[in-house]
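The values are calculated or read from the model by the stated rules, or taken from the named source; none is laboratory data. From a predicted model like this one, the values you see are computed outputs, not experimental measurements. Methodologically, a virtual Cβ is constructed for each residue, glycine included, from the backbone with ideal geometry; neighbour enumeration extends over all protein chains shown. Remember, those area values only see protein heavy atoms, side chains included, never the ligands or the DNA or RNA. Shrake-Rupley method; radii C 1.70, N 1.55, O 1.52, S 1.80 Å.
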Amino acid sequence: MNLRLRASLLLILLGLPLALMLTGCNKVLAISITPAAGTEVLIVGQTAQYSAFATEQMGSAATTTSNISSSVTWTSSNPLVATINSSGLATAVGAGYVTIAALSSNGVTAYSDLTVNAAATTSGSSSSVTSISIIPGSQSVASPNQTSQFLAIGTTSTGTTTNLTNSVSWSSSSAQIASINSAGLATAVSQGTSTITALYASSTGGTVVGTATFTVTGGTAEQYTALTLMPSSVAISASGQTSQLIALATSGTTGQQTDVTSSAQIAWSSSSSTIATVSSSGLVTGKNAGATTITAELTNPDGSIISNTASITTTLTTAPEPLISLTIIPSSLTVLNLKGQGQFLAIGTYSTAPYTKDLTNDASLVWKSSFPNDFTVSSNTGGGSGATAGVVTAYASGSTTIIAEATNPDGTIQTATATFNCPYSAPNSTFTTGSCYSGSEGSSLISTLTVYSEGLNSSSTSPNWLVTASSATGTADVIHCGPGWTNNAKTGGSVCTATYPVGTTVTLTAPAQTGVAFGGWSYNCQNTAPVTASGPNTCTITMDYDNTVGAIFN
């Protein structure tokens with residue numbers, strides 16, 4: 001071997017350990033994700049490719065940026081809304097919002113998000129839904145625990161109608177007056193009137209809303225029995241530093257806590273406004289050194305008052321450059337199964353760079369749940385970036401308030417709240433095991449059958465439509481739905497319901513009516529004979545969950 005070749009080999013051998021050492025010292029300093037948060041919106045069934053880029057330092061060398069999409073761990077906060085595979089490809093599964101996270105091997109995490117809209121579906125058409133009508137538009141019941149079935153009927157851009165009852169997001173403006181499950185079944189809680197809202201994400205990316213009213217005429221108005229303020233004591237600077245107080249009211253009937261911080265029922269006051277003031281939303285501002293007491297008073301419908309206080313200490317110290325505000329994202333999460341989990345993030349805002357920071361796993365931040373035995377939330381006491389704080393698990397049906405508390409170096413606290421839901425719904429055509437459903441199907445369970453006339457033509461050209469059905473014990477015509485019913489003083493309504501034990505087989509009949517042409521049944525009927533326009537026509541249903549049947553008349 002000549003001298004030059006031997007010298008070259010020697011240099012290579014000497015340099016190899018150094019190269020290996022530099023390679024082994026690569027350190028991921030930060031990760032960025034594309035698409036960025038707030039930019040990606042999909043329709044159910046669509047996909048989006050996420051990419052992760054790392055800022056790395058190679059030993060003492062300058063930092064570099066590289067694509068590490070295939071080496072990070074990708075996660076979705078709610079696989080029922082969107083899944084994401086090991087290479088960062090996200091697939092939209094159901095309507096909602098999820099947080100997408102990328103975790104590097106040395107524990108550095110970055111986040112983005114994804115909004116999924118449900119695709120509008122109509123019989124034989126891909127046209128978009130332009131409006132929603134809730135049937136009935138108003139409903140009254142006499143006392144608590146009584147129920148009423150609401151239907152969401154969408155009208156599309158082509159003028160056709162479709163049943164969206166199991167595709168919309170149902171909500172009640174006052175859970176203390178009425179609750180409503182994911183299938184549109186409202187339950188009376190206490191006396192009063194609540195607005196029922198159906199929200200639908202259309203295929204065009206917008207949202208369509210329908211409303212109705214639900215009135216409970218009997219019973220007593222909801223009363224709160226206790227009021228809790230969080231935090232109960234705060235120390236702030238007299239130079240204008242602020243701190244947010246949270247007020248949670250405890251229901252006298254259900255024991256649930258509700259965030260009433262900005263409620264019209266609550267009044268905030270300071271025992272010394274020269275030391276600290278408090279706004280109508282519970283925001284305390286330091287004015288001069290001293291001590292004051294902040295009082296929150298909540299007035300019940302019967303005029304009784306419950307209250308609680310928080311102690312505020314203000315000092316002449318210069319206000320630090322602390323956390324200005326704290327925000328939880330998303331503001332609300334819903335899971336559909338017991339032991340389902342959702343991930344919340346806590347984002348802090350500062351007055352100096354970096355102006356925002358992810359505090360989810362920060363050791364100074366504590367996560368709390370208003371119902372910790374039913375809905376647990378994890379905190380990260382160690383402060384490691386790879387910990388999983390902010391994860392809520394549902395061990396019961398209902399909802400809870402999730403609270404994040406961040407403590408500044410001077411002891412002051414910033415708080416933020418969000419809601420976590422696991423709504424109860426018995427099995428239905430969308431969720432065959434039910435939503436947040438712990439029971440097993442059996443003869444003791446009762447299911448509801450709802451009948452209506454699908455389409456607009458039934459009210460104009462076919463005024464005599466009629467659908468009938470017997471009870472589980474054979475009582476004839478328990479259901480007699482439609483204006484064609486003339487057998488007795490009970491008229492046939494536009495929407496009719498009856499209850500049956502789970503497992504019961506129910507036969508609906510659309511008898512032959514003069515001037516009425518029958519157009520068919522909705523999808524969940526098990527037809528035993530071909531449909532004829534002249535009738536009569538039957539539809540057989542096994543009540544293994546709540547069912548809704550539309551009868552189409554031309």
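Summary of values
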{"quantity": "Every pair of residues 6+ apart whose Cβ atoms lie under 7 Å, when the first sits in region 90-115 and is free of Cβ contacts under 8 Å to residues at least 40 places away in the same chain while the second is part of a strand (DSSP E or B)", "calculated": "VAL98/SER76; VAL98/ALA82; VAL98/ASP113; VAL98/LEU114"}
{"quantity": "Positions within region 15-45 being in a loop (DSSP other than H, G, I, E, B), modelled with pLDDT of 70 or more and open to solvent by less than 80 Å² (accessible area, probe 1.4 Å), in sequence order", "calculated": "PRO35, ALA36, ALA37, GLY38, GLU40"}
{"quantity": "Residue within region 259-278 that is at pLDDT below 90, surrounded by 16 or more Cβ atoms within 10 Å (Cβ to Cβ), in a strand (DSSP E or B) and under 30 Å from the mean Cα position of the chain (by Cα) present", "calculated": "yes"}
{"quantity": "Count - residues of region 146-171 that are assigned to a loop (DSSP other than H, G, I, E, B) and more than 24 Å from THR334 (Cβ to Cβ)", "calculated": "5"}
{"quantity": "Leading residue by the ranking (surrounded by the fewest Cβ atoms within 10 Å (Cβ to Cβ)) among those in region 500-527 that are more than 19 Å from LEU466 (Cβ to Cβ) and modelled with pLDDT under 85", "calculated": "TYR523"}
{"quantity": "Any hit, region 325-344, residues being outside any loop (DSSP other than H, G, I, E, B), β-branched (Val, Ile, Thr) and free of Cβ contacts under 8 Å to residues at least 40 places away in the same chain", "calculated": "no"}
{"quantity": "Checklist (1) open to solvent by 50 Å² or more (accessible area, probe 1.4 Å); (2) modelled with pLDDT of 80 or more; (3) touching a strand residue (DSSP E or B) at 6+ places or on another chain (Cβ under 7 Å) applied to SER534, failing item", "calculated": "(3)"}
{"quantity": "Candidates GLU297, GLU321, filtered to the one that is over 23 Å from ILE402 (Cβ atoms) and at pLDDT below 85", "calculated": "GLU321"}
{"quantity": "Residue in region 217-233 that is touching a strand residue (DSSP E or B) at 6+ places or on another chain (Cβ under 9 Å), under 21 Å from VAL116 (Cα atoms) and modelled with pLDDT of 80 or more present", "calculated": "no"}
{"quantity": "Residue that is surrounded by the most Cβ atoms within 10 Å (Cβ to Cβ) [pool: residues in region 78-98 that are at pLDDT 80 or above and in a loop (DSSP other than H, G, I, E, B)]", "calculated": "GLY88"}
{"quantity": "Test result for THR381, modelled with pLDDT under 85, more than 28 Å from ILE266 (Cα to Cα) and out of contact with any Asp or Glu (no Cβ under 8 Å at 6 or more places or on another chain)", "calculated": "yes"}
{"quantity": "Answer from SER71, SER126 - the residue that is open to solvent by 70 Å² or more (accessible area, probe 1.4 Å) and at pLDDT 75 or above", "calculated": "SER71"}
{"quantity": "Output for region 165-194, where each listed residue is open to solvent by less than 10 Å² (accessible area, probe 1.4 Å), within 21 Å of ALA498 (Cα to Cα) and either over 18 Å from the mean Cα position of the chain (by Cα) or not aliphatic (A, V, I, L, M) (or both)", "calculated": "THR165, GLY184, ALA188"}
{"quantity": "Any hit, region 195-207, residues being modelled with pLDDT of 80 or more and open to solvent by 50 Å² or more (accessible area, probe 1.4 Å)", "calculated": "yes"}
{"quantity": "Complete set of residues in region 237-258 that are over 26 Å from the mean Cα position of the chain (by Cα) and in a loop (DSSP other than H, G, I, E, B)", "calculated": "ALA238, SER239, GLY240, GLN241"}
